[in-house]
Amino acid sequence: DREELNRCIDKRVDERLDQGRIEEVEKLLALGYNRSAYAMQSLGYQELLDHLEGKCTLGEALARIKLRTRQYAKRQFTWFRKDRRYRWVDLGRWGLDGGVERVLSQFRNRNRF
């Protein structure tokens, strides 16, 4: 469910902030890393750099991180959808036990000789 995914993304971004993501970026800067460093190319770092440099508010940076993370998730879904080897299991519908059973059942049926 797209709405559930967006809620999870928002929660995860907020948790990362609470766990010290801004302090992490500040430490990387203090160690001499800059915006072009490979470590700073991951989701969220550029936006937090913009905030630390006064180019945007923290709220604007977080909104941009959440948007970019949603866009990344959408690209992942598109990529996985094209690869027929992957099957989605709706744990919201089947529950964890039901999902595991469906996967095992498909595996057993697929590997019969």
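The values are calculated or read from the model by the stated rules, or taken from the named source; none is laboratory data. Keep in mind that this is a model prediction, so the values were computed, not measured. Note that we place each Cβ from the backbone using ideal geometry, even for glycine, and neighbour counts take in every protein chain shown. Side chains are part of the model used for accessible areas, which takes the heavy atoms of the whole protein and leaves out ligands, DNA and RNA. Shrake-Rupley method; radii C 1.70, N 1.55, O 1.52, S 1.80 Å.
Restricting attention to the range 77-97, report how many residues are loosely packed, with under 10 Cβ neighbours inside 10 Å, assigned to a helix (DSSP H, G or I) and out of contact with any helix residue (DSSP H, G or I) (no Cβ under 9 Å at 6 or more places or on another chain).
The total comes to 4.
Any residue in the range 75-104 that's touching a residue at least 60 places away in the same chain (Cβ under 8 Å): show its pairings with residues that are open to solvent by less than 70 Å² (accessible area, probe 1.4 Å) at Cβ separation under 9 Å, as long as the two are six or more apart or on different chains.
none
For every residue, the table says whether it meets (1) of a type in the set (A, V, I, L, M, F, W, C); (2) under 30 Å from TRP94 (Cα atoms).
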| residue | (1), (2) |
| --- | --- |
| ASP1 | no, yes |
| ASP18 | no, no |
| GLU24 | no, no |
| MET40 | yes, no |
| LEU49 | yes, no |
| LYS55 | no, no |
| ALA63 | yes, no |
| ARG81 | no, yes |
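Do the conditions hold for LYS55, that is, is it open to solvent by 70 Å² or more (accessible area, probe 1.4 Å), of a type in the set (Lys, Arg) and either over 20 Å from the mean Cα position of the chain (by Cα) or on the phi > 0 side of the Ramachandran plot (or both)?
On the way: open to solvent by 70 Å² or more (accessible area, probe 1.4 Å): yes; of a type in the set (Lys, Arg): yes; either over 20 Å from the mean Cα position of the chain (by Cα) or on the phi > 0 side of the Ramachandran plot (or both): yes.
The answer is yes for LYS55.
Has the range 14-24 got at least one residue that is in a helix (DSSP H, G or I), open to solvent by less than 80 Å² (accessible area, probe 1.4 Å) and within 30 Å of VAL103 (Cβ to Cβ)? Give the derivation first.
To start, the set of residues in the range 14-24 that are in a helix (DSSP H, G or I) comprises 14-18, 21-24.
Adding the requirement that they be open to solvent by less than 80 Å² (accessible area, probe 1.4 Å) leaves 14-15, 17, 21-22, 24.
Retained after the next criterion (residues that are within 30 Å of VAL103 (Cβ to Cβ)): 15.
Looking for residues that are in a helix (DSSP H, G or I), open to solvent by less than 80 Å² (accessible area, probe 1.4 Å) and within 30 Å of VAL103 (Cβ to Cβ), one finds at least one in the range 14-24, hence yes.
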